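Engineer: Quick one: this structure, given as structure tokens, is what I'll be asking you about.
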Amino acid sequence: MSMAATTFVANLLRKTALFNDTQIVELLEAARAGEKSVTATVADSGYAREDDFLQAMARVLNLRYMRVGAEAIPQEILERLPTKAVFQYNVIPVAFEDGMLTVASNDPLSMGLVDALRLATGTRVRLALSPGDDIVTAAKALYGVGAETVDRMMQDNRFEVQPEESLGKVELSELDQEASIVKFVNQIIWEAFQQGATDIHLEPMEKSLRIRYRIDGVLHQTPVPAQLSRFQPAILSRIKVMANLDIAEKRLPMDGRIGLRIQGRDLDIRVSTMPTVYGESVSLRLLQGSGTFISLTELGMNDRDARLIRKIIQRPNGIVLVTGPTGSGKSTSLYAYLNEINTIDVRILTAEEPIEYEMPGINQVLVRPDIGLSFARTLRSFLRQDPDIIMVGEIRDAETAEIAIQASLTGHLVFSTLHTNDAAGAFTRLLDMGVEPFLVASACEAVVAQRLVRRLCDKCRKPVEPSPDSLKEIRFPMERRAGRPIYEPAGCEHCRTTGFRGRRGIFEVLGVSERIESLIIARKSMNEIKQCAITEGMSTLRDDGWTKVLDGITTIEEVVRATEDNE
């Protein structure tokens, strides 16, 4: 920036009345040193919020300040500015009137921006000012993830009319090294990571390639460029190369893994391909390889349940079972328990398939049934390894159940999971596997049933007054409400307009008392065991859910949805 330009920008900053002279000098020096825009430098400095700065600059420069919304921009306006320019300059066209294209930007002090846009569009251009996040969100929604990459590929003749059947193994391998394809796949994974997605699904449709992310347990379709289906074979082949899969095999399902590092964090991605009528469908499961673990306190158990679990996991032997359907947070809870008792004086061994998180200080074994390394065989080997604590990823058969119980009865603390609807159902499941009732009663110390409910966004939740009839129908405990508000989702930018941000566990913790032991030995039904546990103070999943509703954490609908199979 020349001396004259620096003086000009300094005068504009002074006119905003947001900064003193010392701050203006600091901002200009920081912008030069960091090669950033003045807007980004202001935001980093903390001297002013971005939208306050842009509104002040709009007044000084006599420009329009606006909040960009994706739904308000017609397609014919978008087509007036090349996709490449939208993402290169972080701008978006918003209106065209009297031969003048209005373009939203968050960088009003960028020298030459208007001239560059005028050259790209071939028409007169004027700026409007809008927050950068608004522009990025609208661009992704309107053009699709990776739109500038697809636009570049459209101009590359190598990608013109290449039927999937005509691409041999060598050609695809060369195609996979194309920088544009590599960049697009990276953008898809990066976008999913940024949004906190647990899964990415690339699904070939008849005339399009659909990409969906699972966020907070719910699938969301992400907008993609309309021409994306033309590059479907190359995109899927790139993912196969990353996962060390055979790119020539399209008829059989395949499984692989990808290891990545994003922002200093290891990301382990499980890849699964499935042949469908319109091509291969690919699912990616995103797992945090290592990092911070949720503590027992952060799980969100009520005081009674947390005290009981803390007491039980300090015992020298016994079995602690965590139950629930796939995706209910069982692994997260098990790691929280292990993290609580992972000290230098205990030896912890785990058998997992797959290893979802790498925890320092414990010995983790990847179970591989394809080579004969089953849970049962791994568990037998553990007993010769002098462990104090054993974690088995899942009890799937009678053999594993019997070895786990024998391990617990011979002085080891054992953690594992089962797929049952509630806590009491775990005993029935073990008995159905053929385990003797007296062994189940002697070994089991506690069973934790759990579900995940979406957490209301703190920024936009709003109170609601459900009808008394609807509350009565679901047996909502009105006596516990005591005037406390009930909330419902609204939707804002902070939560991607869903009204929810993150998830929270609801729990049912059943401690095995002498009375419950006698019921197990007598092979009583799980309903009898559950009623006995309730009389001893156990909160059911739905009861714990109602507590979360009254605490303003989640909604009535979320609790009903998550516990419907439990009632």
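The values are calculated or read from the model by the stated rules, or taken from the named source; none is laboratory data. Fair warning: this is a prediction, and the values are worked out from it, not measured in the lab. Here the Cβ is made from the backbone with ideal geometry for all residues, glycine too, and neighbour counts use every protein chain on show. Surface accessibility is based on the protein's heavy atoms, side chains included, excluding ligands, DNA and RNA. Shrake-Rupley method; radii C 1.70, N 1.55, O 1.52, S 1.80 Å.
Engineer: From the gyration tensor of the Cα coordinates in the stretch 42-126, what semi-axes in whole Å does the equivalent ellipsoid have, largest first, with each one equal to sqrt(5λ)?
Structural biologist: Details: eigenvalues 105, 39, 33 Å².
Values for the stretch 42-126, descending: 23, 14, 13 Å.
Engineer: Towards the positive end of the charge dipole of the stretch 410-494, with charges on Cβ (+1 Lys, Arg; -1 Asp, Glu), say which of V448, A490, S416 has the farthest Cα.
Structural biologist: A490
Engineer: Continuing with the same structure: Test of understanding: what is the full-extension gain from E488 to Q194, defined as 0.36 nm times their sequence separation minus their Cα-Cα distance? Please list the in-between numbers first.
Structural biologist: Values: separation 294, 0.36 × 294 = 105.84 nm, distance 2.53 nm.
Result for the pair: 103.3 nm of gain on full extension.
Engineer: Taking a temperature of 25 °C and a viscosity of 0.890 mPa s, what whole-number D in µm²/s does Stokes-Einstein yield for the stretch 362-417 with Rh from Kirkwood over alpha carbon pairs?
Structural biologist: Estimated via Stokes-Einstein, D reaches 217 µm²/s.
Engineer: Further question: Magnitude of the Cβ-charge dipole of the stretch 17-137, K/R +1 and D/E -1, about the Cα centre, nearest 20 debye? Please list the in-between numbers first.
Structural biologist: Working: 11 positive and 17 negative charges, 66 e Å.
It comes to approximately 320 debye.
Engineer: Next up: Mind putting a number on the dipole of the stretch 445-567 about its Cα centre? Charges go on the C-beta only, +1 for Lys and Arg and -1 for Asp and Glu, and I need it in Debye to the nearest 20.
Structural biologist: Working: 22 positive and 21 negative charges, 96 e Å.
Rounded to the nearest 20 debye, it is 460 debye.
Engineer: Would you mind putting 427-440, 194-207, 227-240, 480-493 in packing order, based on average other-beta-carbon counts within 10 Å, highest first?
Structural biologist: Numbers: 427-440: 17.9, 194-207: 16.0, 227-240: 21.7, 480-493: 13.9.
The densest-packed peptide leads the list: 227-240, 427-440, 194-207, 480-493.
Engineer: Next question, about the same structure. Quick one: Debye curve from the alpha-carbon atoms of the stretch 255-337 only, equal weights, vacuum; give me log10 I(q)/I(0) at q = 0.12, 0.16, 0.18, 0.23 Å⁻¹ to two decimals.
Structural biologist: The calculated log intensity ratios at q = 0.12, 0.16, 0.18, 0.23 Å⁻¹ are -0.57, -0.82, -0.92, -1.14.
Engineer: Would you mind working out the accessible area per residue for the chain, using a 1.4 Å probe, and quoting it in Å²?
Structural biologist: Working: 27100 Å² over 567 residues.
For the chain, the per-residue accessible area is 48 Å².
Engineer: Using only the Cα atoms, work out Rg/Rh for the stretch 320-415, with Rh taken as the Kirkwood radius, to two decimals.
Structural biologist: On the way: Rg = 12.5 Å, Rh = 13.6 Å.
In the stretch 320-415, Rg relative to Rh is 0.92.
Engineer: Same structure again: What FRET efficiency comes out for the pair T7/M100, r = Cβ-Cβ distance, R0 = 22 Å, nearest 0.05?
Structural biologist: Details: r = 29 Å, r/R0 = 1.34.
Here the calculated transfer efficiency is 0.15.
Engineer: Largest first and to the nearest Å, give the Cα extent of the stretch 346-490 along each principal axis.
Structural biologist: Largest first, the stretch 346-490 extends 59, 36, 31 Å along its Cα principal axes.
Engineer: May I pose another question? Only four residue types carry charge here, +1 at the Cβ of Lys and Arg and -1 at the Cβ of Asp and Glu. Report the dipole size of the stretch 1-77 about the Cα centre in Debye, rounded to the nearest 20.
Structural biologist: Details: 8 positive and 10 negative charges, 56 e Å.
Dipole size: approximately 260 debye.
Engineer: For the residue pair T326 and M205, what label-to-label distance in nm results when each label sits 7 Å from Cα along the Cα-to-beta-carbon direction?
Structural biologist: 2.4
Engineer: Give me the number: length gained by fully extending R310 to A522, i.e. 0.36 nm times residue separation minus the C-alpha to C-alpha distance, one decimal in nm.
Structural biologist: Answer, rounded to one decimal: 73.4 nm.
Engineer: How much of the accessible area of the chain, in percent, comes from carbon and sulfur atoms when a 1.4 Å probe is used? Intermediate values should be presented prior to the final figure.
Structural biologist: Details: 13110 of 27100 Å².
With neighbouring chains kept in place, the figure for the chain is 48 percent.
Engineer: Work out the FRET efficiency for T497 and V136 from their Cβ-Cβ distance, taking R0 = 22 Å, and round it to the nearest 0.05. The partial results should precede the final answer.
Structural biologist: On the way: r = 15 Å, r/R0 = 0.68.
Calculated value: 0.90.
Engineer: Using the Karplus equation 6.51 cos²θ - 1.76 cosθ + 1.60 (θ = phi - 60°), what ³J(HN,Hα) coupling, rounded to whole Hz, does each residue of the stretch 251-263 give in order, writing x for Gly and Pro?
Structural biologist: Each residue's phi maps through the Karplus curve to give 9, 10, x, 9, 10, x, 9, 10, x, 10, 10, 10, 6 Hz.
Engineer: In addition: Which value does Rg/Rh take for the stretch 461-511 over its C-alpha atoms, Rh per Kirkwood?
Structural biologist: Details: Rg = 14.4 Å, Rh = 13.6 Å.
Rg divided by Rh gives 1.07.
Engineer: Just name one of V549, S237, L28: the one whose Cα is farthest towards the positive end of the charge dipole of the chain (beta-carbon charges, Lys/Arg +1, Asp/Glu -1).
Structural biologist: Ranked along the dipole, the leading option is L28.
Engineer: Right, another one. To make sure I understand the rule: partners must be aspartates and glutamates, Cα under 15 Å from the Cα of K36, and not fewer than 8 residues away in the same chain. Which ones qualify?
Structural biologist: The reachable aspartates and glutamates, counting only those whose Cα sits under 15 Å from K36, are E26, D44, E50, D107.
Engineer: While we're looking at this one, here's another question. Using a Förster distance of 35 Å, how high is the FRET efficiency between R475 and H220, based on the Cβ-Cβ distance and rounded to 0.05?
Structural biologist: On the way: r = 32 Å, r/R0 = 0.92.
Computed FRET efficiency for R475 and H220 comes out at 0.65.
Engineer: How large is the accessible surface of D44 in square angstrom, using a 1.4 angstrom probe and rounding to the nearest 10?
Structural biologist: 100
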